[in-house]
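One structure is given below, encoded as structure tokens.
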Amino acid sequence: MVTIREIAKISGVSKSTVSRVLNNDRYVSSELRKKVQTVIEDTKYVVNGNAVKLSKGETFTLGVTLPYNSSCYSQLVDSILYQAKSKGYQVLLLPTYYEEETESNYYTLLEQKMIDGLILTSRTKNDHLLEPLRFKGKIVSTEKMDNEELTMIYPDRKKAYDQLFSTLHTRGISKVMFTTKRSADQSQTTKNKLAAYEAYFGKAIEGEHYFTTIENYEDGRALAAEISARSSIPEVIYVNGDDTAAGVIFGMKQAGFIHKKDFTIIGEGNLPYSEILAFSTIDFAPQKIGASAVDFLLSESERLVQPEEPTIIWR
């Protein structure tokens, strides 16, 4: 591959002159510009975009860590992509699969200045890795973290869970079941959901009052098969995703149980599923959070703690 040094040598000019031509600097005579441009075209020279970005101290790239591709992150990611593009930035999606080593490797991208900022979604409990990193680049979490020295723009899930279970309890409902993706040991979200449930309905037993490792439509259908085989079914099934809720409704229907007659489903995400199938859901404001996260990274602000209030949509 031809280098700037070789272009300069062939053109009979300095490297700085070639750089000025490449950067469309106006302080280059038309004669020299034409001469250098001819050599560039003849040699089929291609500009090294990474080198140009590094020389300017900006990559115009934002990193986003997320566990994997899932509908529960689609609205948040879409919002980040749109907001970043509107500001002239591209986005690098970094799947972690909840592997701490993988997350740590991605964090070095910020330290090495290969990205201009980092947005964190759901992850392992590794605040200790983020503490020193925050002095080497801008980071924002879209989930609440224990360390309030770190920037976070997040949905107040704890408040939403308390409001939901409180409402169900007030309505005289006693048989409630819920689902999560990860265990309470792995996830603060699950721990908060469990605590809110137990505040109104007593001790929650896994496999009886709640189920883990649930995250999609197929999981919802499988859960429905297990629930429908029991001697009695819950009055309310609260699942961690609208696609999961759709799976439960379909699976229960196959077993002869009808939504809003034999049981009630509540989902999360406010996706079209919830409107089409007419079930209640919780909107955790991912569009607003995604846009705000990008705006923070591109701002002069050094730190921000901003909880967003979720909305329970009753149907």
Item to check | Sole exception among (1) over 21 Å from the mean Cα position of the chain (by Cα); (2) open to solvent by 30 Å² or more (accessible area, probe 1.4 Å) for residue 249, by number | outcome: (2)
Item to check | Hits in the range 253-266 - residues which are touching a Leu at 6+ places or on another chain (Cβ under 9 Å) and open to solvent by less than 10 Å² (accessible area, probe 1.4 Å) | outcome: 265, 266
Item to check | the range 184-194 - residue that is outside any loop (DSSP other than H, G, I, E, B) and touching a residue at least 12 places away in the same chain (Cβ under 8 Å) and, of those, most open to solvent (accessible area, probe 1.4 Å) | outcome: 188
Checklist outcome for this item: Exception for residue 156 within (1) in contact with a strand residue (DSSP E or B) (Cβ under 9 Å, 6 or more places away or on another chain); (2) closer than 30 Å to residue 127 by Cβ; (3) without any contact (Cβ under 8 Å) to a residue 40 or more places away in the chain falls at (3)
Checklist entry - Tally time: how many residues in the range 157-183 are closer than 24 Å to residue 74 by Cβ and buried (at least 17 other Cβ atoms within 10 Å of the Cβ)? => result 10
Item to check | Number of the condition not met by residue 148 [criteria: (1) of a type in the set (Asp, Glu); (2) open to solvent by 10 Å² or more (accessible area, probe 1.4 Å); (3) touching a helix residue (DSSP H, G or I) at 6+ places or on another chain (Cβ under 8 Å)] | outcome: (3)
Checklist outcome for this item: Residue hits (the range 137-149; in contact (Cβ under 8 Å) with a residue 60 or more places away in the chain and either of a type in the set (A, V, I, L, M) or assigned to a loop (DSSP other than H, G, I, E, B) (or both)) are 140, 142, 144, 148, 149
Next on the checklist: Quick check on the range 274-312: of everything there that is part of a strand (DSSP E or B) and hydroxyl-bearing (Ser, Thr, Tyr), which residue is surrounded by the fewest Cβ atoms within 10 Å (Cβ to Cβ)?
Outcome noted: 311
Checklist entry - Can we say residue 73 is over 17 Å from residue 1 (Cβ atoms), buried (at least 16 other Cβ atoms within 10 Å of the Cβ) and modelled with pLDDT under 95? => result yes
Checklist entry - Of (1) at pLDDT 95 or above; (2) surrounded by 15 or more Cβ atoms within 10 Å (Cβ to Cβ); (3) not in a loop (DSSP other than H, G, I, E, B), residue 270 satisfies all except one. Which? => result (3)
Item to check | Top-ranked residue in the range 116-141 [being within 14 Å of the chain's Cα centre (by Cα) and closer than 12 Å to residue 304 by Cβ; ranked as most open to solvent (accessible area, probe 1.4 Å)] | outcome: 139
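The values are calculated or read from the model by the stated rules, or taken from the named source; none is laboratory data. Computed from a predicted structure; not experimentally measured. For neighbour counting, all protein chains shown are included, and Cβ atoms are generated from backbone atoms with ideal geometry for every residue, glycine included. We work out accessible area using only protein heavy atoms, side chains counted, and drop any ligands, DNA or RNA first. Shrake-Rupley method; radii C 1.70, N 1.55, O 1.52, S 1.80 Å.
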